[in-house]
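*Asks:* Can you keep this structure in mind? I'll have questions shortly.
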Amino acid sequence: MNNIFYTGQEIDFLSLIESKKYESIYILVDAHTNECCLPVFKNVFPSFENVSSIIIPAGEVNKSIEIVQLIWNEMLTLSITRNSLIINLGGGVLTDMGSFAASTYKRGIDFLNIPTTLIAMVDASFGGKTGFNFQGVKNCIGTFQTSIATYINPIFLNTLSKRHLLNGSVEMIKHALLQSEIIWNEAKNYSLTELISIDKIKQSIAIKQQIVIQDFSDNGIRQCLNIGHTIGHAIESYSYQTTFPLLHGEAIMLGLIHEQIIAESVLNTDSIIRKELIAIKERLFPDLNFTYLIDNILPYLLQDKKNSTYIKMSLLPSIANCKIQTVVSLDELKKSFSNL
Ligand SMILES: NC(=O)c1ccc[n+]([C@@H]2O[C@H](COP(=O)([O-])OP(=O)(O)OC[C@H]3O[C@@H](n4cnc5c(N)ncnc54)[C@H](O)[C@@H]3O)[C@@H](O)[C@H]2O)c1
């Protein structure tokens, strides 16, 4: 399981790295984190002042095989050996891709993640899922490989836009839904300022960790973390074909609401959770109005199963009670659109 270090634990974090006696250490950054986060990183860790970086283009459109190849090429050009360390300094796109590139280069070299966005702090930077998008399908190619450590310091959030902060808040809302009535009743009223506090970040990380530790390979209980994501990923992928591509968290916000409509008809779930989610969306995302039709998202939901008459998803009948692999017929899916 991941070693997670928080701000204040820099000495322990550095001791871990020193104990590994790496031949060389490189930092992977994207165009934005090179500018906004690398100077902060070097300020927090002056011993890395002279470490060389590999720079890749930023953004979800670059979460691709071409950029993974670019990273591998750089690794070869720099003659990076198996006893080297890659430090991924960036958001979820960078940590997913950098971790994938490291986990496959020379059959796998060590990497660690320093997340610089909220979504990467509370979700993407630990748990072992690495990868990139392929043929329009989100995270289609990837590996399960744990980083040697993750270092969380909210100082990096100072340069992040409000839209990207809100993007990360959705995975925190999702974690609260999975945890308990007590946590949910608090979380549903959090302001963005409360959400980005170190205490709430730690709480959210602990909820995910507690689930991942039981099912690292995602064959059972870990699929609870997919609530909102079956429909959400399809909405996200479709949005890339439009003039208003959504951020991951924005699509998951819509996916969580839509999947509750499905839960109400398939599992007889009370409508209260949906109403609470809609209230959160209206409070935190007042301008998020993305429309989609069943034909827009169905190709992404079915992927290669063109003749299928159903899809399976993780649904939430009540707080802290998730039903994974719930069969939802295409008729139920169609019906949910009339209730949107
Ligand atoms: N592996 C997992 O378990 C997991 C979980 C959740 C999400 N994800 C993935 O995470 C990705 C979304 O993450 P993201 O939104 O962090 O993506 P991102 O890495 O694209 O970051 C968003 C943008 O913010 C910039 N940025 C990053 N840190 C910054 C900072 N501190 N200041 C200013 N700009 C900064 C980036 O350059 C980028 O332009 C998706 O691809 C999603 O699939 C993975």
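*Asks:* Look at N43 and say whether it is polar (S, T, N, Q) and either away from the ligand (no atom under 16 Å from the Cβ) or surrounded by 18 or more Cβ atoms within 10 Å (Cβ to Cβ) (or both).
*Replies:* Judged against the criteria, N43 is not a match.
*Asks:* Next question. Step by step: first the residues of region 1-13, then only those that are in a helix (DSSP H, G or I) and free of Cβ contacts under 8 Å to residues at least 12 places away in the same chain, then the one that is surrounded by the most Cβ atoms within 10 Å (Cβ to Cβ). Which residue is that? Outline the logic, then answer.
*Replies:* Within region 1-13, the first condition is being in a helix (DSSP H, G or I), and the residues that meet it are 10-13.
Now drop any that are not free of Cβ contacts under 8 Å to residues at least 12 places away in the same chain, which leaves 11-12.
Working: I11: 9, D12: 13.
Restricting to residues being in a helix (DSSP H, G or I) and free of Cβ contacts under 8 Å to residues at least 12 places away in the same chain, the top hit is D12.
*Asks:* Within region 72-93, track down each residue that is buried (at least 21 other Cβ atoms within 10 Å of the Cβ) and in contact with a helix residue (DSSP H, G or I) (Cβ under 6 Å, 6 or more places away or on another chain).
*Replies:* Across region 72-93, the qualifying residues are M75, I86, N88, L89, G90, G91, G92, V93.
*Asks:* If you don't mind, there's one more thing I want to ask. Mind checking which pairs have a first residue in region 148-168 that is in contact (Cβ under 8 Å) with a residue 12 or more places away in the chain and a second that is assigned to a strand (DSSP E or B) and among the charged types (D, E, K, R), Cβ under 7 Å, 6 or more apart or different chains?
*Replies:* These pairs meet every condition: I148/D110.
*Asks:* Looking at (1) buried (at least 17 other Cβ atoms within 10 Å of the Cβ); (2) away from the ligand (no atom under 13 Å from the Cβ), can you tell me which one I67 breaks?
*Replies:* Unmet for I67, out of (1) buried (at least 17 other Cβ atoms within 10 Å of the Cβ); (2) away from the ligand (no atom under 13 Å from the Cβ): (2).
*Asks:* Scan region 95-120 and report the pairs whose first residue is more than 14 Å from T33 (Cβ to Cβ) and hydroxyl-bearing (S, T, Y) and whose second residue is modelled with pLDDT under 95 and near the ligand (Cβ under 8 Å from one of its atoms), with Cβ atoms within less than 8 Å and a gap of 6+ or a chain change.
*Replies:* none
*Asks:* Taking the residues in region 46-64 that are hydrophobic (A, V, I, L, M, F, W, C) and under 16 Å from T95 (Cβ atoms) as candidates, determine which candidate is surrounded by the most Cβ atoms within 10 Å (Cβ to Cβ).
*Replies:* Our first condition is that a residue be hydrophobic (A, V, I, L, M, F, W, C); within region 46-64, this holds for 48, 51, 54-56, 58, 61.
Within this subset, residues satisfying the condition of being under 16 Å from T95 (Cβ atoms) are 54-56, 58.
Details: I54: 21, I55: 16, I56: 24, A58: 18.
Ranking the candidates gives I56 first.
*Asks:* Consider region 94-132. How many of its residues are touching a helix residue (DSSP H, G or I) at 6+ places or on another chain (Cβ under 6 Å) and on the phi > 0 side of the Ramachandran plot?
*Replies:* 2
*Asks:* Looking at L178, is it in a helix (DSSP H, G or I), more than 11 Å from the ligand (Cβ to nearest atom) and either surrounded by fewer than 24 Cβ atoms within 10 Å (Cβ to Cβ) or at pLDDT below 95 (or both)?
*Replies:* Working: in a helix (DSSP H, G or I): yes; more than 11 Å from the ligand (Cβ to nearest atom): yes; either surrounded by fewer than 24 Cβ atoms within 10 Å (Cβ to Cβ) or at pLDDT below 95 (or both): yes.
Yes: the conditions hold for L178.
Results for (1) in contact with a Phe, Trp or Tyr (Cβ under 9 Å, 6 or more places away or on another chain); (2) more than 22 Å from M121 (Cβ to Cβ), shown as yes or no for each residue.
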{"site": "C37", "(1), (2)": "yes, no"}
{"site": "S53", "(1), (2)": "yes, no"}
{"site": "A58", "(1), (2)": "no, no"}
{"site": "V61", "(1), (2)": "yes, yes"}
{"site": "W72", "(1), (2)": "yes, yes"}
{"site": "R107", "(1), (2)": "no, yes"}
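*Asks:* Out of (1) more than 8 Å from the ligand (Cβ to nearest atom); (2) closer than 18 Å to G249 by Cα; (3) modelled with pLDDT under 95, what's the single condition that is false for Q135?
*Replies:* (2)
*Asks:* Being surrounded by 21 or more Cβ atoms within 10 Å (Cβ to Cβ) and in a loop (DSSP other than H, G, I, E, B) narrows it down to one residue among L246, L225; which is it? So that I can check it myself, show each step before the final result.
*Replies:* Details: L225 fails: in a loop (DSSP other than H, G, I, E, B).
Of the residues listed, the single one that is surrounded by 21 or more Cβ atoms within 10 Å (Cβ to Cβ) and in a loop (DSSP other than H, G, I, E, B) is L246.
*Asks:* Among the candidates G108, G128, G92, G98, which residue alone is within 7 Å of the ligand (Cβ to nearest atom), outside the structural domain of Y300 (by TED's automatic domain parsing) and not polar (S, T, N, Q)? Show your work before the answer.
*Replies:* Working: G108 fails: within 7 Å of the ligand (Cβ to nearest atom); G128 fails: within 7 Å of the ligand (Cβ to nearest atom); G98 fails: within 7 Å of the ligand (Cβ to nearest atom).
Within the list G108, G128, G92, G98, the selection yields G92.
*Asks:* Would you confirm whether or not region 14-34 contains a residue that is surrounded by fewer than 16 Cβ atoms within 10 Å (Cβ to Cβ) and within 14 Å of the ligand (Cβ to nearest atom)?
*Replies:* Yes, region 14-34 contains at least one residue that is surrounded by fewer than 16 Cβ atoms within 10 Å (Cβ to Cβ) and within 14 Å of the ligand (Cβ to nearest atom).
*Asks:* So, of the residues in region 61-100 that are part of a loop (DSSP other than H, G, I, E, B) and over 23 Å from T150 (Cβ atoms), which turns out to be nearest to the chain's Cα centre (by Cα)?
*Replies:* Within region 61-100, the subset part of a loop (DSSP other than H, G, I, E, B) is 63-64, 78-83, 91.
Next cut, over 23 Å from T150 (Cβ atoms) only: 64, 78-79, 81.
Working: S64: 16, L78: 29, S79: 31, T81: 29 Å.
Out of the qualifying residues, it is S64.
The values are calculated or read from the model by the stated rules, or taken from the named source; none is laboratory data. Just so it is clear, the structure is predicted and the values come from calculations on it, not from any experiment. Here the Cβ is made from the backbone with ideal geometry for all residues, glycine too, and neighbour counts use every protein chain on show.
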